[in-house]
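*Asks:* What follows is a structure written as structure tokens; I'll ask about it next.
The values are calculated or read from the model by the stated rules, or taken from the named source; none is laboratory data. This is a predicted model, so every value here is computed, not measured. Using ideal geometry, Cβ is built from the backbone for each residue, glycine included, and neighbour counts are taken over all protein chains shown. For the accessible areas, the whole protein counts, side chains as well, though only heavy atoms, and no ligand, DNA or RNA atoms are used. Shrake-Rupley method; radii C 1.70, N 1.55, O 1.52, S 1.80 Å.
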Amino acid sequence: MTPAMLRKIRSCHAFALSLGAPWASKHAVLLAGIAWVVGSAGVSAQITPPRSDREATTPIPAATRVQSLDTVEVGRFDGGRMWTFDRPPADYFRSEYAISADSAWFRTARLGALRIPNCSASLISGDGLVLTNHHCARKFVSQVSAPGEQLLEMGFYAETLEDEREVTGFAAEQLIAIRDITRDVEGAIGGRTGPERRERMNEKIADITEDLIDDFGKDDAISVEIVTLYGGAHRAAYVFRKYTDVKLVMTPEVQVGFFGGDADNFNFPRYNLDVALFRLYDGEGVPLQTPDYFRWSAEGIEAGDAVFVVGNPGSTHRAQTIAQLTFRREVEDLKTLDFLNRRAQAFQEFLDAFPVQAREDDIENDWFGAVNAIKATTGVIEGLEDQVLMARKAAAEMELQAAMTATPELRERFGGLMERLARIQDEKRELDTGFGAFLGLTAGGFESSTLHRAFLAFQILNARQAGAPASFLEPMLAQVDSIGSVPPVLDGLLIEARVQEFLDYFDPAEDRWLGSIMRGRTAKGVAAVLQRSILADSATTVDGLRTGRLDSNDPAIRFVSFYAPEYSRFQDGLSALLNREEEIESSLGKARLQLYGWAVSPDATFSPRISDGVVAGYYQDGEAIEPFTTLAGLFERYRALGRDQDGGEAWLLPERWLAAESGLDLSTPLNFTSTLDIAGGNSGSPVLNADLEIVGVVFDGNLASLPGDFIFLPESNRAITVDARAILAVLDVVYGADRITAEIRAGSGAAVTSEAAGVSH
């Protein structure tokens, strides 16, 4: 969805480092920021959505929105349509869309989809061809670029099979089995609470995981993930098959993969070819045979057609209560916005001073991640300030509250949960300085790599001094070793940002730990001292830890030691509150399941989901927005905003595209909008028709989708998709990718071989 970072960062809202064991430092809850919420709707489990829901998704003018808060009603899908494969909504799909939607249909939908790093993807041929977004592939394009190559700017197409370039760190996961483990885990937990509850739960989950891996043959490619739904009321073990032998096949130029840049992000009309192609291999240099793949639609889709998206929405929080949402609006999300603004400023300063290096080191992508997340967070905050939306949330909460107290039995089980949760939010407010000062201590890409290493190294040194065995320290050393470096100038700017956050929330004259850090210096002066640490260099850090050259006298280690006691007090208090909050959320989840069943979809967890919707436009600021754009619009945008105006670089087109214009059918649909329910992590998800054929690949949402973190609004929330017809047309005419278009059309077979480059069609 939206270029790489927006919704990816949504799934980056919490970082936890659990050091366990008696010698370890205390459990650290490291907030990084962007919370995403999703709501609960008061719907009976026996009720399936009516056929009239199709009419409810017809775009309506903003002027018709409910203005009287007294008449606000709960929408049937306020809680979203991110259905799980544990309990797929077969009856609803058959009723609403008149399709088969049997077990074989859902199996095809599940096995054709993939989860890749921070994104989603799909198999589109029997020879391992994978479709995803350009913005999900950017770092891999940089990775395979040879010295002097500028593949991000120039694009890449492997004309033969031998030209496909191997990438590292790319794992494609396919969900092959699901096991309901709710009763097993609940039986192990019993009535326990607090640390003992978590300990028994973790022990049971470890046993289940080991048994499942044994069942599937102890294959290194098999992994088990425990997926928690409805706040912990339901738990399932998801068994994945992982593919790591992967090569890059094709990406367009970044100029068209992200056409319009930040200015067009979250907006529509859009004109992006946000696509990339990879291929899975079998480890022996041969394309992997993948019989479970999605065929390509020959017909495409029209306005009003049913569409489905299968992917991995990263994180939503639609089940959060009014009290939780209010805390976010007043504390957590505002602190997050401050954090992001400061990082964006640091990236911008570096980009302005070192534009070439910023491009080569992909710092531009980090900058975009920050500004993208700023837009996303701002959109959520604005949604939380919208009285109508909050009234809908309040109405849903009142329905749930009434249902939970309707009988003595329900009152005994669930009474008082909302009130207890509200009191916890009040207690969290007392920790607001910690939320601001310690946000994102290990937020990769947004924190100084020197400080990130120092945070972990400080704990390693403490654990070693306390007698921790080597087996305990090795994974921690590997974690330190995995932290990449940023250019020293940028690292200094990020250190300054962190020190300034300390100064924003604490006073060096009153807080001795901060006075010890500052010693009368500015944030820039502190950064200059810290950059003399051996932790500033990734090559010397782990060696220093192993040989003992790194000790408590290192300036970066001293820096951490000064703030560690204050941070420890903050995280101890927060951890206790979050544990209590988690237990209450689990009870609320059980209430929802008992009252509504699976008719209300659970929050996103970066696990495979399927969503349904229709192709539809919408209204924005009183203006009707049509659902389709075309290739003609792309060239018109270039001429209006790129070629003829100063500062229009975001709308420039590569020469290859200008040369191919006359050969393209400019009426070909390029992007379209639909009522599909997506979130961060859905980037690269296949959009399918009722026959489970590819009709596009999703890459973004509109501005009205931003409050989708806590409430889904089918009347205005839109997913934005690259149309499959444009993908084929551009591969044919602009890139001359006959080998790949032949493979897509055939689905497999000879089209994958290097000799197929000359296949005609």
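*Asks:* Would the stretch 434-443 turn up any residue that is in contact with a Leu (Cβ under 8 Å, 6 or more places away or on another chain), within 30 Å of LYS524 (Cα to Cα) and of a type in the set (Ser, Thr, Tyr)?
*Replies:* Within the stretch 434-443, one or more residues are in contact with a Leu (Cβ under 8 Å, 6 or more places away or on another chain), within 30 Å of LYS524 (Cα to Cα) and of a type in the set (Ser, Thr, Tyr).
*Asks:* Also, I was wondering about something else. For VAL356, indicate whether it is in contact (Cβ under 8 Å) with a residue 60 or more places away in the chain and surrounded by fewer than 19 Cβ atoms within 10 Å (Cβ to Cβ).
*Replies:* no
*Asks:* Within the stretch 555-570, is there a residue that is surrounded by 15 or more Cβ atoms within 10 Å (Cβ to Cβ), closer than 19 Å to ARG453 by Cβ and without any contact (Cβ under 8 Å) to a residue 40 or more places away in the chain?
*Replies:* Scanning the stretch 555-570 turns up at least one residue that is surrounded by 15 or more Cβ atoms within 10 Å (Cβ to Cβ), closer than 19 Å to ARG453 by Cβ and without any contact (Cβ under 8 Å) to a residue 40 or more places away in the chain.
*Asks:* To continue, here is another question. Specify which of the listed residues (THR251, THR244) is closer than 26 Å to ALA113 by Cβ, surrounded by 20 or more Cβ atoms within 10 Å (Cβ to Cβ) and polar (S, T, N, Q).
*Replies:* Result: THR251 is the single residue among THR251, THR244 that is closer than 26 Å to ALA113 by Cβ, surrounded by 20 or more Cβ atoms within 10 Å (Cβ to Cβ) and polar (S, T, N, Q).
*Asks:* Now, a different point. Name the single residue that is surrounded by the fewest Cβ atoms within 10 Å (Cβ to Cβ) among those in the stretch 398-456 being over 22 Å from ASP338 (Cβ atoms) and of a type in the set (Ser, Thr, Tyr).
*Replies:* Across the stretch 398-456, the extreme among qualifying residues is THR407.
*Asks:* For GLY75, only one of the following conditions fails: (1) at pLDDT below 95; (2) in a loop (DSSP other than H, G, I, E, B); (3) buried (at least 24 other Cβ atoms within 10 Å of the Cβ). What is its number?
*Replies:* Result: GLY75 passes all but (3).
*Asks:* From the list SER44, SER68, SER95, SER122, pick out the single residue that is more than 13 Å from PHE308 (Cβ to Cβ) and either touching a His at 6+ places or on another chain (Cβ under 7 Å) or at pLDDT 95 or above (or both).
*Replies:* Exactly one of SER44, SER68, SER95, SER122 is more than 13 Å from PHE308 (Cβ to Cβ) and either touching a His at 6+ places or on another chain (Cβ under 7 Å) or at pLDDT 95 or above (or both), namely SER95.
*Asks:* Here is a follow-up. For VAL224, are the conditions met, namely being closer than 24 Å to ALA171 by Cα, free of Cβ contacts under 8 Å to residues at least 40 places away in the same chain and not in a loop (DSSP other than H, G, I, E, B)?
*Replies:* yes
*Asks:* Can I ask one more? Of the residues ILE610, ILE678, which single one is open to solvent by less than 10 Å² (accessible area, probe 1.4 Å) and either assigned to a strand (DSSP E or B) or in contact (Cβ under 8 Å) with a residue 12 or more places away in the chain (or both)?
*Replies:* Exactly one of ILE610, ILE678 is open to solvent by less than 10 Å² (accessible area, probe 1.4 Å) and either assigned to a strand (DSSP E or B) or in contact (Cβ under 8 Å) with a residue 12 or more places away in the chain (or both), namely ILE610.
*Asks:* Determine which member of the set LEU588, LEU550, LEU595 is aliphatic (A, V, I, L, M) and assigned to a loop (DSSP other than H, G, I, E, B).
*Replies:* LEU550
*Asks:* Separate question: Report, ordered by the first and then the second residue, all pairs with beta carbons closer than 9 Å, sequence separation of six or more or different chains, a first member in the stretch 232-246 that is on the phi > 0 side of the Ramachandran plot, and a second member that is of a type in the set (Ser, Thr, Tyr) and outside any loop (DSSP other than H, G, I, E, B).
*Replies:* GLY232/SER586; GLY232/SER587
*Asks:* Would you kindly identify the helices (runs of 4 or more DSSP H) lying entirely within the stretch 86-161 that contain at least 1 residues that are within 24 Å of the chain's Cα centre (by Cα)?
*Replies:* In the stretch 86-161, the matching helices (runs of 4 or more DSSP H) lie at 103-112, 134-144, 151-154.
*Asks:* Among the numbered conditions (1) β-branched (Val, Ile, Thr); (2) loosely packed, with under 14 Cβ neighbours inside 10 Å; (3) touching a Leu at 6+ places or on another chain (Cβ under 6 Å), tell me where VAL224 comes up short.
*Replies:* All conditions are met except number (2).
*Asks:* Now a separate question. For the structure I just gave you, tell me whether GLY633 is open to solvent by less than 50 Å² (accessible area, probe 1.4 Å), assigned to a loop (DSSP other than H, G, I, E, B) and modelled with pLDDT of 95 or more.
*Replies:* no
*Asks:* Would it be correct to say that ARG343 is open to solvent by 30 Å² or more (accessible area, probe 1.4 Å) and not aromatic (Phe, Trp, Tyr)?
*Replies:* no
*Asks:* Also, quick follow-up: Under 8 Å by Cβ, and 6 or more places apart or on different chains, what pairs join a residue from the stretch 403-428 that is free of Cβ contacts under 8 Å to residues at least 24 places away in the same chain with one that is surrounded by 14 or more Cβ atoms within 10 Å (Cβ to Cβ) and among the aromatic types (Phe, Trp, Tyr)?
*Replies:* THR405/PHE414
*Asks:* Report the residue count in the stretch 728-741 for those that are open to solvent by 10 Å² or more (accessible area, probe 1.4 Å) and not in a loop (DSSP other than H, G, I, E, B).
*Replies:* 5
*Asks:* Of all residues in the stretch 297-316, how many are open to solvent by 30 Å² or more (accessible area, probe 1.4 Å) and modelled with pLDDT of 95 or more?
*Replies:* 4
*Asks:* Could you tell me whether the stretch 711-724 includes any residue that is at pLDDT 95 or above, of a type outside the set (Val, Ile, Thr), touching a Ser or Thr at 6+ places or on another chain (Cβ under 9 Å) and part of a helix (DSSP H, G or I)?
*Replies:* The answer is yes; a qualifying residue exists.
*Asks:* Scan the stretch 514-543 residue by residue and report those that are free of Cβ contacts under 8 Å to residues at least 12 places away in the same chain and of a type in the set (Gly, Ala, Ser).
*Replies:* Those that are free of Cβ contacts under 8 Å to residues at least 12 places away in the same chain and of a type in the set (Gly, Ala, Ser): GLY515, GLY520, GLY525, ALA539.
*Asks:* Among the listed residues VAL249, VAL167, identify the single one that is in contact with a strand residue (DSSP E or B) (Cβ under 9 Å, 6 or more places away or on another chain) and within 30 Å of LEU658 (Cα to Cα).
*Replies:* Answer to the check: VAL249.
*Asks:* Take residues that are more than 29 Å from the chain's Cα centre (by Cα) and tell me which of the helices (runs of 4 or more DSSP H) falling wholly in the stretch 402-519 contain 3 or more.
*Replies:* Correct list: 408-414, 417-429, 449-465, 470-481, 488-505, 512-518.
*Asks:* A further question on this structure: Across the stretch 280-323, what is the total count of residues that are of a type in the set (Lys, Arg) and assigned to a strand (DSSP E or B)?
*Replies:* 0
*Asks:* Something else about it: Would you mention how many residues in the stretch 693-705 are open to solvent by 10 Å² or more (accessible area, probe 1.4 Å) and closer than 19 Å to GLU302 by Cα?
*Replies:* Selection size over the stretch 693-705: 1.
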